[in-house]
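Values quoted throughout were computed directly from the atomic coordinates according to the rules given, and no laboratory measurement underlies them. Quick caveat: nothing in here was measured; it's all calculated off a predicted structure. For neighbour counting, all protein chains shown are included, and Cβ atoms are generated from backbone atoms with ideal geometry for every residue, glycine included.
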Amino acid sequence: MTAPNHIAGGVVFTGIFCSLWNINIFSNPMYLGMTIFISLIADIDTPKSLIGKPFYPISKWIYKKFGHRTITHSLLALFCVTFFVYVFEKLQFQEINYTQIFFFAFFSHLLLDMFTITGVPLLYPFRRNPCVIPGNPAYRLKTGNIKHEGVLFFIFACCTAFMSNLFTQGFWLTYNQQFNDIKHVYREFTKSNKLYQIDYDIYSFQKKYKGRGNLIYADWKQLYILTKDSLIHLQDGQQGLKINTLKPLPTNNILTTKRVEFSHIKADSLNKLTAKKFISYGRITSSEKADVITFDRKLHDYYFELKNEYNLYFQKSLKDTIKSEIIDNSEQIQMMKHEENKLKLKQQIFEKETQIANEENAIKLQNEPYLNAKNELKIAKQNLRLETDNFTINELKNKIIYLEKFLSGKRLKTSKNLNLLKVQLRGLKARYNKPFMYINKKKIKQNNSVYFTGYFDYFLIPNLQNEYSKSF
């Protein structure tokens, strides 16, 4: 194989496989130059080659000592030199990607030479047998044949041109963009902490929405897209929803949050703080029962735990608009009210217990793959100690490696919401078990202003570039 095809093939081969690590060899002149240089380096064993001429003393010595296509065209050279590059990369204490580029560029040279008539001795110096693809010499390439070399160079040039998106975006982003569904957008969203923009083209009950927005949050079944002036919430299986396009696009910005803390402020002040903000998480308490209008519902309580909410609006409860309320001092009436409250509390306790059970089942389902994998790993290790058949031992070892890789960095998932529900349940039970106490005088409960205390975290979102959100 001549130098031009080694360069062209090395660029294509290295670019494709480095894209699996999201490495774009065209993003940095150093990466591209390294790819070209390493794709030729194996031919340093002959002074007649393009790379051998600049290093004539070295190439001449290697040629006399070992000959052409021997030690430099072996897996031993590939792995040894790659190891030294890996050590050098780690000593730099900065984010560089030399190891992957070096390995695939060097390996591309060996692979392309395997398609020639003479092949390469990959197992040198242990075995000198040449490795070739394919086995029939009639179907292999002849080095220096203008027709063969020209056709191959044309193929490599076309691959480079047509795979520009793959090199630029990386394999996994290009892969996930092909499906236009929530699950694959979520897979891309979890790969890094960078902010993603997303091109969308959807129909919701025959109304079309098309544009570009910021992808704020995503999980397996839902995602939130923040546009210039609205929030789009998509759910898997949502009635009336048809998705034509959901294409995530990474940006150079990091998706970060900022915390806002406040104490004893009125609803108007709080509304100014939450206006046009996407709240990732927050806990807010009120001095009196209050209403919170969220993106898709209305909450009425003393305590609010908020997650993935946009442009919240707080107000004093509309149920408490009477200026004053006289509490009757009749013991019989108070007893009736006490029993009514107990019935309400009993219903709330039942609902809370149901929520806890559902949450525990959800956590169990989330942890089930982890627990099953852990159990399978334990059984595989036990079977490995007892097994004598070599084939079965190899199968078990592969399975153990796969399971350990799956379990690495994972741990049992817990739920903050579950702990909160249990605390709320204990509070409800305490109120339910509270004995009746007769109040022997009238009380006037003044309808004072409601005050809020707590905190919330919201996403810092840069201004949308080329935002063209439209509805038809």
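Overview of results
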| read-out | value |
| --- | --- |
| Given K210/K289; K272/K346; K194/K276, the pairs whose alpha carbons are separated by over 31 Å | K210/K289; K272/K346 |
| Violating pairs (Cα-Cα greater than 19 angstrom) within the set K378/K399; K207/K307; K242/K298; K191/K405; K342/K416 | K207/K307; K242/K298; K342/K416 |
| Cβ-based exposure ranking for M163, M30, in which fewest neighbours within 10 Å come first | M30, M163 |
| Lysines whose Cα lies under 22 Å from that of K64, excluding same-chain neighbours fewer than 8 positions away | K48, K53 |
| Exposure proxy ranking, count of Cβ atoms within 10 Å, fewest first, for F103, F179 | F179, F103 |
| Cβ-placed point charges (K, R +1; D, E -1), dipole of the chain about Cα centre in debye, nearest 20 | 640 |
| Per-residue Cβ neighbour rank within 10 angstrom, fewest leading, H148, H6 | H148, H6 |
| Cβ charges +1 (Lys, Arg) and -1 (Asp, Glu), total dipole of region 3-169, debye | 660 |
| Percentage relative contact order, region 325-446, counting C-alpha pairs under 8 Å, at least six apart | 56 |
| Tilt relative to the chain, helix 146-162 - C-alpha long axis, 0 to 90 degrees, to 10 | 10 |
| Helix axis angle, 3-18 relative to the chain longest principal axis, alpha carbon, degrees | 20 |
| Summed side-chain charge close to C131 - residues other than C131 whose Cβ falls under 14 Å, Lys, Arg +1, Asp, Glu -1 | +3 |
| Within region 93-144, trypsin sites (Lys or Arg not before Pro) in DSSP loop having at most 10 other beta-carbon neighbours inside 10 Å | R128 |
| Relative contact order for region 3-169, counting Cα pairs under 8 Å that sit 6 or more residues apart, in percent | 29 |
| Distance from region 5-39 to region 167-229 (C-alpha centre basis), Å | 29 |
| Degrees, to the nearest 10: 390-407 long Cα axis against longest axis of the chain | 50 |
| Reported label for calculated log10 I(q)/I(0) by the Debye sum over Cα atoms at q = 0.06 Å⁻¹ given (i) -0.29; (ii) -0.33; (iii) -0.50 | (iii) |
| Relative contact order (percent, whole number), region 276-318, Cα cutoff 8 Å, 6+ residue spacing | 49 |
